[in-house]
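Here's the structure, in structure tokens; my notes come after.
The values are calculated or read from the model by the stated rules, or taken from the named source; none is laboratory data. Because the structure is predicted, anything quoted here is derived from the model rather than measured. Here the Cβ is made from the backbone with ideal geometry for all residues, glycine too, and neighbour counts use every protein chain on show. Quick note on the areas: whole protein, heavy atoms, side chains included, nothing else; ligands and nucleic acids left out. Shrake-Rupley method; radii C 1.70, N 1.55, O 1.52, S 1.80 Å.
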Amino acid sequence: MRSSGSDIGPFDRVQERRGGRSERVREAVMDAVRRLLQEEGYSGLTHRAVAAIASVDNATIYRRWPTRPQLVSDMLHDISNDLVPIPDTGSVGSDLQAYLASIVAMLADPGTKKLAQAFFAASLEGDEVVGHVLAEFWQGRFSGSYVMLDKAVLRGELPENPDHTAVMEALVAPAWFRTFISRMPVDQGFQQRCVGAALALARSGNTHP
């Protein structure tokens with residue numbers, strides 16, 4: 001059953017005291033959510049299935065995570081900081097290269113790739129709440145990478161006020177396209193071309209509208 005937009009707000013999370021049995025239950029549930037998304041996809045993510053895998057009472061799952069989007073939202077929060085670290089090498093070229101390499105490594109991981117596919121499927125199925133959660137999640141991760149460009153401006157490597165979104169899209173979008181659409185290799189040569197294109201755009205002086 002599809003969720004209504006009133007179910008949760010963006011990244012609405014269950015507030016609870018950390019530690020003890022409460023935390024163990026939460027970790028078991030989040031592990032179960034990730035496993036189900038990887039193995040069964042979003043359609044296989046049900047409260048009953050999560051409860052069975054996590055060995056937690058079904059009523060507990062419903063009470064603390066009333067909707068599927070809330071389960072997804074909490075799981076995304078848990079993994080977000082581990083997905084792609086923001087490098088700080090002291091050079092914008094090296095930062096962009098390291099950042100893209102981390103994304104390529106993430107997409108090459110079978111489990112993470114299956115998670116991404118499950119999220120895409122959920123959005124395509126028309127679950128608007130999950131689509132909103134995912135949009136907020138990816139925008140948050142994407143905008144977090146802008147600090148690399150801001151630091152480069154402060155070091156004098158880039159002109160002021162670069163078009164952050166355009167530069168980062170030039171860097172990472174081709175890797176996602178090759179991974180999920182064209183299925184072509186994302187090798188070192190390809191990554192270097194992406195870094196070069198992003199740097200050229202950042203250095204061109206094109207700024208935000």
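Descriptive notes on the structure:
- Cβ-Cβ under 8 Å pairs, at least 6 apart or on other chains, the stretch 83-112 side over 18 Å from Ala173 (Cα atoms) and assigned to a loop (DSSP other than H, G, I, E, B), far side open to solvent by 30 Å² or more (accessible area, probe 1.4 Å) and among the basic types (Lys, Arg): Asp88/Lys151; Gly90/Arg155
- Criterion applied to Leu149, Leu100, Leu96 was being crowded, with 20+ Cβ neighbours inside 10 Å, in contact with a His (Cβ under 9 Å, 6 or more places away or on another chain), under 30 Å from Ala200 (Cβ atoms) and modelled with pLDDT of 95 or more, and the one residue passing it is Leu149.
- Hits in the stretch 117-132 - residues which are modelled with pLDDT of 80 or more and crowded, with 18+ Cβ neighbours inside 10 Å: Ala118, Phe119, His132
- Top-ranked residue in the stretch 52-67 [being of a type outside the set (Ser, Thr, Tyr), more than 14 Å from Asp31 (Cβ to Cβ) and open to solvent by less than 50 Å² (accessible area, probe 1.4 Å); ranked as nearest to the chain's Cα centre (by Cα)]: Arg64
- Test: residue in the stretch 151-173 that is over 13 Å from the mean Cα position of the chain (by Cα), outside any helix (DSSP H, G or I) and under 27 Å from Ser43 (Cβ atoms): no
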